[in-house]
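Here the structure is laid out as structure tokens; the discussion comes afterwards.
The values are calculated or read from the model by the stated rules, or taken from the named source; none is laboratory data. Since this is a predicted model, take the numbers as computed values, not measurements. All Cβ positions, glycine included, derive from the backbone under ideal geometry; neighbour counts span all protein chains shown.
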Amino acid sequence: MQQQAQQQQRWVRFEHGGETGFGTLEGDTVHEHRGNMFDRPEPTGRVFVLSGVRLLTPTEPTKVIALWNNFHALGEKLQLPVPAEPLYLLKAPNSYLAPGADIRKPLCDGKVVFEGELGIVIGKTCTAVPEAEALGHVFGYTCANDVTVADILNRDASFAQWVRAKGFDTFCPMGPVVATGLDPATLTVTTLLNGEVRQNYPISDMRFSVQQLVSLISLDMTLYPGDVILCGTSIGVGSMKPGSLVEVEIGGIGRLGNRFG
């Protein structure tokens, strides 16, 4: 398949000297490119030391789509009905957060939880793409933390507040890179809270595969290059206290770290 044959690279967006750029991360250096990350980018020849740049969100999505009840293990633990189709919401653009930046404590009260997830990064515009062609529209994968104020979700019995609970400022950290050429079915998501492993689950446990998600969601809305689909989370979700460090690590992608509060 096209996605499996894709060259393995790790792409970043960064800020240096007041200017933004993008390039490939190779060891501790960033090799700057010009043009379009998703369509034949060209090296500029400039190389930056990673410690000398500030990483940004790995893409600039028009939308981030977040899945609910997409893992067998969590669904069975919560005794949720098996969904016939992907169940999802949108994360607000104000929630997008760069690697290393602080997750802001909401001004309201409530339990704030972390949800370590795999993010699918779209590389080609797709509308109603067949499942067999879906991986050809995927650019790569990133780490994400679908932060949520759990208390808000079902506080009003007449209306489930998914968007508000998950849409606060800084509630969608993503990064540190977009990794290409990976087979998502082989990946494992590990979430650490203050250095202690809280989540460790395989992507192969998803109810809907990457190609199914891309295909089915593209029946509803056009997906554009840079858009991100968060695959949902599994068991081990927990609350964060101010000062906590949450890290989401996926082999081949790296470790996304953000401090809360």
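Looking only at region 100-118, how many residues end up being out of contact with any helix residue (DSSP H, G or I) (no Cβ under 8 Å at 6 or more places or on another chain), surrounded by fewer than 24 Cβ atoms within 10 Å (Cβ to Cβ) and either at pLDDT below 95 or not acidic (Asp, Glu) (or both)?
Number of matching residues: 6.
Kindly provide the set of residues from region 13-22 that are on the phi < 0 side of the Ramachandran plot and of a type outside the set (Asp, Glu), ordered by number.
Listed by number, the residues that qualify are Arg13, Phe14, His16, Thr20, Gly21, Phe22.
Under 6 Å between Cβ atoms, at least 6 apart or on separate chains: pull out the pairs that start in region 192-213 with a residue that is at pLDDT 95 or above and end on any residue that is of a type in the set (A, V, I, L, M) and in a helix (DSSP H, G or I).
If the second residue must be of a type in the set (A, V, I, L, M) and in a helix (DSSP H, G or I), the pairs left are Ser204/Ala185; Asp205/Ala73; Gln211/Ala134; Gln211/Leu135.
Quick check: is even one residue across region 174-190 touching a strand residue (DSSP E or B) at 6+ places or on another chain (Cβ under 8 Å), loosely packed, with under 14 Cβ neighbours inside 10 Å and polar (S, T, N, Q)?
Taking every residue of region 174-190 in turn, none turns out to be touching a strand residue (DSSP E or B) at 6+ places or on another chain (Cβ under 8 Å), loosely packed, with under 14 Cβ neighbours inside 10 Å and polar (S, T, N, Q).
Between Gly226, Gly243, which is assigned to a loop (DSSP other than H, G, I, E, B) and touching a Lys or Arg at 6+ places or on another chain (Cβ under 8 Å)?
That would be Gly243, the only listed residue that is assigned to a loop (DSSP other than H, G, I, E, B) and touching a Lys or Arg at 6+ places or on another chain (Cβ under 8 Å).
What is the residue count in region 109-135 for residues that are outside any loop (DSSP other than H, G, I, E, B), out of contact with any strand residue (DSSP E or B) (no Cβ under 9 Å at 6 or more places or on another chain) and not acidic (Asp, Glu)?
Adding up the residues that qualify gives 2.
Residue-wise test of (1) surrounded by fewer than 17 Cβ atoms within 10 Å (Cβ to Cβ); (2) without any contact (Cβ under 8 Å) to a residue 12 or more places away in the chain; (3) closer than 23 Å to Pro225 by Cα; (4) in contact with a strand residue (DSSP E or B) (Cβ under 9 Å, 6 or more places away or on another chain).
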residue	(1), (2), (3), (4)
Gly35	yes, yes, yes, yes
Pro43	yes, no, yes, yes
Leu50	yes, no, no, yes
Lys63	no, no, yes, yes
Ala66	no, no, yes, yes
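Please count how many residues of region 165-196 are farther than 17 Å from Val147 by Cα, aliphatic (A, V, I, L, M) and not in a helix (DSSP H, G or I).
Within region 165-196, residues that are farther than 17 Å from Val147 by Cα, aliphatic (A, V, I, L, M) and not in a helix (DSSP H, G or I) number 5.
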